[in-house]
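The values are calculated or read from the model by the stated rules, or taken from the named source; none is laboratory data. Just so we're clear, the structure is a prediction, and the values are computed from it rather than from any experiment. Every residue, glycine among them, receives a Cβ derived from its backbone with ideal geometry; neighbour counts consider all protein chains shown.
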Amino acid sequence: MRLKILPPGLFLMFMVVMIGSHYILPIEKFILRPYSYVGVVLVLSGLVFVVWPDAIFKKSKTTIKPYEDPAKLITVGPFRVSRHPTYLGMVGVLLGAAVVLGSVTPFVFPFLFAIVVDTFYIRFEEKRLEAMFGEQYRQYRQKVRRWV
């Protein structure tokens with residue numbers, strides 16, 4: 001059986017390693033208080049983009065899990081500005097946490113997470129959505145960018 005790590009699990013692993021790296025290898029603290037509190041706004045904004053799409057999936061009675069076939073193509077709410085708002089929200093939370101921590105090392109992790117998610121989840125999901133929804137998905141893809 002192949003191990004399938006769901007995005008929230010990957011996100012939590014990145015968060016833990018990011019925070020640990022701040023304390024183990026902080027390099028240099030360059031965002032000091034009170035400026036580091038701007039990160040709280042980024043974390044809260046990111047959480048909106050994590051929770052809101054989940055609520056839309058539940059209301060639409062379709063899956064949010066990348067390894068399951070969706071019942072519907074969702075194009076409302078945050079999906080009008082990003083094809084993958086949940087991943088965008090996770091990156092926002094990581095970036096906000098990096099700002100709160102304020103040292104150089106944590107800033108590697110939001111970008112690394114985005115690359116990993118894009119490579120191992122988004123490309124797979126987009127192929128599946130195109131196969132399932134065909135022209136409807138292609139039209140949506142032309143209107144809405146992958147990230148923002």
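So here's what we get for this one:
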{"read-out": "Matching residues in the stretch 69-87 - criterion: being outside any helix (DSSP H, G or I), surrounded by fewer than 19 Cβ atoms within 10 Å (Cβ to Cβ) and not aliphatic (A, V, I, L, M)", "value": "69, 70, 72, 75, 82"}
{"read-out": "Those residues of the stretch 103-118 which are over 16 Å from residue 19 (Cβ atoms) and either buried (at least 18 other Cβ atoms within 10 Å of the Cβ) or among the small types (Gly, Ala, Ser) (or both), in sequence order", "value": "114, 117"}
{"read-out": "Meets criteria (surrounded by 12 or more Cβ atoms within 10 Å (Cβ to Cβ), of a type in the set (S, T, N, Q) and more than 26 Å from residue 121 (Cα to Cα)) for residue 36", "value": "yes"}
{"read-out": "Of the criteria (1) of a type outside the set (S, T, N, Q); (2) out of contact with any helix residue (DSSP H, G or I) (no Cβ under 9 Å at 6 or more places or on another chain); (3) closer than 19 Å to residue 108 by Cα, which one residue 59 fails", "value": "(3)"}
{"read-out": "Residues of the stretch 123-148 satisfying the condition of being modelled with pLDDT of 95 or more and not in a helix (DSSP H, G or I)", "value": "144, 145, 146"}
{"read-out": "Residue under evaluation residue 5, criteria (1) in a helix (DSSP H, G or I); (2) of a type outside the set (Phe, Trp, Tyr); (3) within 16 Å of the chain's Cα centre (by Cα), criterion not met", "value": "(1)"}
{"read-out": "Pairs with Cβ under 6 Å, 6+ apart, first in the stretch 13-37 and assigned to a helix (DSSP H, G or I), second loosely packed, with under 12 Cβ neighbours inside 10 Å", "value": "none"}
{"read-out": "Sole exception among (1) in a helix (DSSP H, G or I); (2) loosely packed, with under 15 Cβ neighbours inside 10 Å; (3) touching a Leu at 6+ places or on another chain (Cβ under 9 Å) for residue 44, by number", "value": "(3)"}
{"read-out": "Extreme residue, farthest from residue 79 (Cα to Cα), among residues of the stretch 122-136 that are surrounded by 15 or more Cβ atoms within 10 Å (Cβ to Cβ) and among the hydrophobic types (A, V, I, L, M, F, W, C)", "value": "133"}
{"read-out": "Subset of the stretch 88-122 [of a type in the set (Gly, Ala, Ser) and in a helix (DSSP H, G or I)]", "value": "89, 92, 96, 97, 98, 114"}
{"read-out": "Residue among 48, 93, 41, 16 that is within 15 Å of residue 110 (Cα to Cα) and in contact with a helix residue (DSSP H, G or I) (Cβ under 8 Å, 6 or more places away or on another chain)", "value": "93"}
